[in-house]
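A.B. asks: Handing you this structure, nothing more for now.
What follows draws every value from the coordinates through simple rules; no lab data is involved. Being a predicted model, the structure only gives us computed values, none of them experimental. Here Cβ is always computed from backbone atoms with ideal geometry, including for glycine, and neighbour counts include all displayed protein chains.
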Amino acid sequence: MNYQRFFEEAIDQLHAERRYRVFADLERIVGKFPRALWRSNGRTQEITVWCSNDYLGMGQHPDVVAAFQDAAGRMGSGAGGTRNISGTSNPLVQLEAELADLHGKEAGLVFTSGFISNEAGISTIARLLPNCLILSDELNHASMIEGVRRSGAEKKIFRHNDVAHLESMLQAAGRERAKLIVFESVYSMDGDISPIKEIADLADKYNAMTYIDEVHAVGMYGPRGGGITEREGLADRIDIIEGTLAKAYGTLGGYITGTSAIIDAVRSYAPGFIFTTALPPALAAAAATSIRHLKNSQAERDAQQQQATRTKEILADAGLPVMASQTHIVPVLVGDPELCKMASDRLLGVHGLYIQPINYPTVPRGTERLRITPTPFHSDALIAELRDALVETWDALGIPYGTAGQPAVAESERVIPLLVPKSGG
Ligand SMILES: *Cc1c(COP(=O)(O)O)cnc(C)c1O
């Protein structure tokens, strides 16, 4: 057997399907967000990043960077152990209290990533419940699918955001059987929002537990950044709220919040929590600083919404196929994997704008797209530059114009001054 050949063929297949992933070698520049250095073929060039999940630029916020540096200076770089064996630092304990408070829950539990929090959280909860049936939205993130799989529980997939379909499954299972509904608030590739209240009503009616992924909403929605559940006043109707520290909060790590009993059970039974080194104290301190800042400051949220709305309008006015989105995410339809990759390459190589192509399996075939994420730091001038570059690229490659859906209604008509990047440290 020629082992190497199997790996080479596996890679060849990705090339043939035009979904081989190429990473951009970047160096983000504190104080110049969203600018970064891009290294390619021995050349270094300054470019603008248009696809980061550092949605509010908090990864460079001076207070967050200072908290990181201060904690690292006092406590060192690593945690030194698992949570059980010397790795539970005081900043981590404080971070968990901050997260419980954010969602109005009794307790919070931090994992080393949002991926692990879903994988460990869902699998452990469903495994502990006797004969649990998991009801999972068809567009759930890979980390949730992994959690469902690892639980070993029976699962049923309901059509995306389809509460009637979900209800038929709940009805068939009956009130007595243990049931866990897993879904997201903001779906990050289309930018749509789930019917949280209707799902919570069904959970009450059929006595099911609810688990929501608010990864693309925490920090950005709700008066304190508690996500869509906070904005809609529904946090107390959802059993487990999961989120990440790596997107709007600009650091790293994931978490779940819920009742003390649920959180204590996951803490005590989840291998993905128990048998791994804890999050370092500096990251915990930086994350807590970021969360605290966004609990008290609305400016970043308002400016993000304003610039996202503006981006949608300006691109749609230019005839570009902006897909319908109810949130800060601006997907622009290309509809072909090869063209999508070529458009991304041209935007970066010719225009110095970085937007990663989103191809199958992240999105369905035929819906390949550029996923644009405007932040408070993407100024009107940068948005105009983006429009011109996209139009040039659409023309050069012959990508179809046209409407791909109605641009979302402006969430805020107010004009909010843009945030000016500040130097960290
Ligand atoms: C990114 C993402 C995660 C994983 O979060 P990380 O902290 O990046 O591991 C979980 N759920 C959804 C919906 C995501 O998009």
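A.B. asks: Just to verify a number: FRET efficiency for ASP162 and ALA142, C-beta to C-beta distance, R0 = 25 Å, to 0.05?
C.D. replies: 0.75
A.B. asks: What does DSSP give for region 61-296 in terms of the percent of beta bridges that are antiparallel, rounded to the nearest 5?
C.D. replies: 40 percent
A.B. asks: Continuing with the same structure: I want the antiparallel fraction of DSSP beta bridges within the chain, as a percent rounded to 5.
C.D. replies: 60 percent
A.B. asks: Could you tell me the distance between the Cα centroids of region 76-155 and region 160-180, to the nearest Å?
C.D. replies: 23 Å
A.B. asks: Using a 7 Å offset from the Cα along the Cα-to-Cβ direction at both SER268 and GLU176, what is the distance between the two label points in nm, to one decimal?
C.D. replies: 2.8 nm
A.B. asks: Then there is this: Do the alpha carbons of any pairs in LYS312/LYS341; LYS32/LYS295; LYS179/LYS205 sit beyond 19 Å of each other, and which pairs?
C.D. replies: LYS312/LYS341; LYS32/LYS295
A.B. asks: So for the chain, Kirkwood radius off the Cα pairs, Stokes-Einstein at 25 °C and 0.890 mPa s: how many µm² s⁻¹?
C.D. replies: 109 µm²/s
A.B. asks: OK, next. How far apart, in nm, are two points set 7 Å out from the Cα along the Cα-to-Cβ line at ALA299 and at THR276?
C.D. replies: Each label point lies 7 Å from its Cα, and together they span 3.5 nm.
A.B. asks: Starting from the 7 Å offset along Cα-to-Cβ, what nm value, one decimal, do you get for the label separation of ARG149 and ALA384?
C.D. replies: 4.8 nm
A.B. asks: Mind pulling up the Rg/Rh value for region 61-296? Radius of gyration and Kirkwood radius, both on Cα. Could you put the intermediate results ahead of the total?
C.D. replies: Numbers: Rg = 17.3 Å, Rh = 17.7 Å.
In region 61-296, Rg relative to Rh is 0.98.
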